[in-house]
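To start, I am sharing the structure in question, which I have written as structure tokens.
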């Protein structure tokens, strides 16, 4: 009987559904390939395959995006982990379902003509971030401590969102900014350069990159729908990792200003960091909790629902994708 139930589950998870399309509203906080999985899922036809139509919106600033999710204006978001954790610690019913990478994409960038060459040289400088409490803001404060600087050694200026930081750097209103993958848009265009040794990966700061987040009430109300959406998300990762031409073509629609060769190189750089089974990494999650000053007794399981990915993995769905 147990094997029969597992077989039925596997068939359900593998077969495209033929149901009336369910409308979902999805939000991301920055324009870059790492946050482009919603685009991939929709424009490749995967959301339609699993019974969805979608509006995908840019909401600059992770705290603002999380607030919209809590308010019920959004169904799923990809936003900075610190804002998700803080909201959850304050009692919000949001929960992370997946995270495609165990390192956040945050990094410090400077104007091309800046004479700065290291994090330690930021002392006395103004640094632009999207919002206080965002992933970039939290990363910056951790990075400063990592190299022996105090938070008060720099002036942190919030710019409202990724576009605000980007535009301020381009216009020369700030010399230093903190961005995620979106920083590469400026680097490729020669409008900024990465500060050496000033990325989360270079500094050895683990974390979660753009976790897929929804609400517990949505999980309770329609678990089957969440399961189908997670399938589409997992298959979008597979598409990104295995269909370079298709991925590049889709990303070009949303990342104007970069040519096919530049986006293709970016896809190559990112695809190996994406996890086929995108469980939120416990080490990364614990690191993120430390960065937001969560109590050491805080249980990481409080922030994550692994049961959806467990169900998908147990069915053999992911093994069949990569077979």
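Select from the stretch 58-71 the residues that are closer than 21 Å to residue 226 by Cβ and touching a strand residue (DSSP E or B) at 6+ places or on another chain (Cβ under 8 Å) and list them in ascending order.
Once the filter is applied, which keeps residues that are closer than 21 Å to residue 226 by Cβ and touching a strand residue (DSSP E or B) at 6+ places or on another chain (Cβ under 8 Å), the stretch 58-71 yields 59, 65, 66, 68, 69, 70.
Something else now. Only residues that are crowded, with 21+ Cβ neighbours inside 10 Å and over 24 Å from residue 66 (Cα atoms): list them for the stretch 112-134, please.
Answer for the stretch 112-134, where residues must be crowded, with 21+ Cβ neighbours inside 10 Å and over 24 Å from residue 66 (Cα atoms): 119, 122.
Same structure again: Does any residue of the stretch 175-198 turn out to be touching a residue at least 60 places away in the same chain (Cβ under 8 Å), within 20 Å of residue 98 (Cβ to Cβ) and crowded, with 16+ Cβ neighbours inside 10 Å? Step through it out loud before you land on a result.
Taking the stretch 175-198 first, the residues touching a residue at least 60 places away in the same chain (Cβ under 8 Å) are 175-198.
Now narrow it down to the ones that are within 20 Å of residue 98 (Cβ to Cβ): 180-181.
Keeping just the survivors that are crowded, with 16+ Cβ neighbours inside 10 Å gives 180-181.
Within the stretch 175-198, one or more residues are touching a residue at least 60 places away in the same chain (Cβ under 8 Å), within 20 Å of residue 98 (Cβ to Cβ) and crowded, with 16+ Cβ neighbours inside 10 Å.
What single numbered condition from (1) in a helix (DSSP H, G or I); (2) within 16 Å of the chain's Cα centre (by Cα); (3) under 16 Å from residue 30 (Cβ atoms) fails to hold for residue 201?
(3) is the only condition that residue 201 fails.
A follow-up question, please. Kindly provide the set of residues from the stretch 255-269 that are closer than 19 Å to residue 191 by Cα, assigned to a helix (DSSP H, G or I) and under 20 Å from the mean Cα position of the chain (by Cα), ordered by number.
Restricting attention to the stretch 255-269, the residues satisfying the condition of being closer than 19 Å to residue 191 by Cα are 255-263, 265-266.
Still in the list and also assigned to a helix (DSSP H, G or I): 260-263, 265-266.
Answer for the stretch 255-269, where residues must be closer than 19 Å to residue 191 by Cα, assigned to a helix (DSSP H, G or I) and under 20 Å from the mean Cα position of the chain (by Cα): 263, 265, 266.
Also, quick follow-up: Specify the residue that is modelled with the lowest pLDDT; the eligible residues are those in the stretch 19-45 that are in a loop (DSSP other than H, G, I, E, B) and under 15 Å from residue 232 (Cβ atoms).
Start the filter on the stretch 19-45 by keeping residues that are in a loop (DSSP other than H, G, I, E, B), which leaves 19-21, 29-32, 36, 44-45.
From the residues that got through so far, the ones that are under 15 Å from residue 232 (Cβ atoms) too are 19, 21, 36, 44-45.
Values: 19: 51, 21: 90, 36: 90, 44: 97, 45: 98.
Ranking the candidates gives 19 first.
Hey, among 217, 256, 286, 221, which residue is surrounded by 15 or more Cβ atoms within 10 Å (Cβ to Cβ) and in the same structural domain as residue 34 (by TED's automatic domain parsing)?
Values: 217 fails: surrounded by 15 or more Cβ atoms within 10 Å (Cβ to Cβ); 256 fails: surrounded by 15 or more Cβ atoms within 10 Å (Cβ to Cβ); 221 fails: surrounded by 15 or more Cβ atoms within 10 Å (Cβ to Cβ).
That would be 286, the only listed residue that is surrounded by 15 or more Cβ atoms within 10 Å (Cβ to Cβ) and in the same structural domain as residue 34 (by TED's automatic domain parsing).
Please state which one of 278, 295 is in a loop (DSSP other than H, G, I, E, B), assigned by TED's automatic domain parsing to the domain that holds residue 89 and surrounded by 18 or more Cβ atoms within 10 Å (Cβ to Cβ).
On the way: 295 fails: surrounded by 18 or more Cβ atoms within 10 Å (Cβ to Cβ).
278 is the lone residue from the list that is in a loop (DSSP other than H, G, I, E, B), assigned by TED's automatic domain parsing to the domain that holds residue 89 and surrounded by 18 or more Cβ atoms within 10 Å (Cβ to Cβ).
Another question, then. Is the stretch 144-166 home to any residue that is assigned to a loop (DSSP other than H, G, I, E, B), in contact with a strand residue (DSSP E or B) (Cβ under 8 Å, 6 or more places away or on another chain) and surrounded by fewer than 23 Cβ atoms within 10 Å (Cβ to Cβ)? Even if it seems obvious, please write down each step before you answer.
Of all residues in the stretch 144-166, those assigned to a loop (DSSP other than H, G, I, E, B) come to 147-150, 154, 159-161.
Still in the list and also in contact with a strand residue (DSSP E or B) (Cβ under 8 Å, 6 or more places away or on another chain): 154, 159.
Okay, now just the ones that are also surrounded by fewer than 23 Cβ atoms within 10 Å (Cβ to Cβ), so 154.
Scanning the stretch 144-166, I find at least one residue that is assigned to a loop (DSSP other than H, G, I, E, B), in contact with a strand residue (DSSP E or B) (Cβ under 8 Å, 6 or more places away or on another chain) and surrounded by fewer than 23 Cβ atoms within 10 Å (Cβ to Cβ), so the answer is yes.
The values are calculated or read from the model by the stated rules, or taken from the named source; none is laboratory data. Everything quoted here is computed from the prediction, not taken from an experiment. Note that each Cβ is placed from the backbone with ideal geometry, even for glycine, and that neighbours are counted across all protein chains shown.
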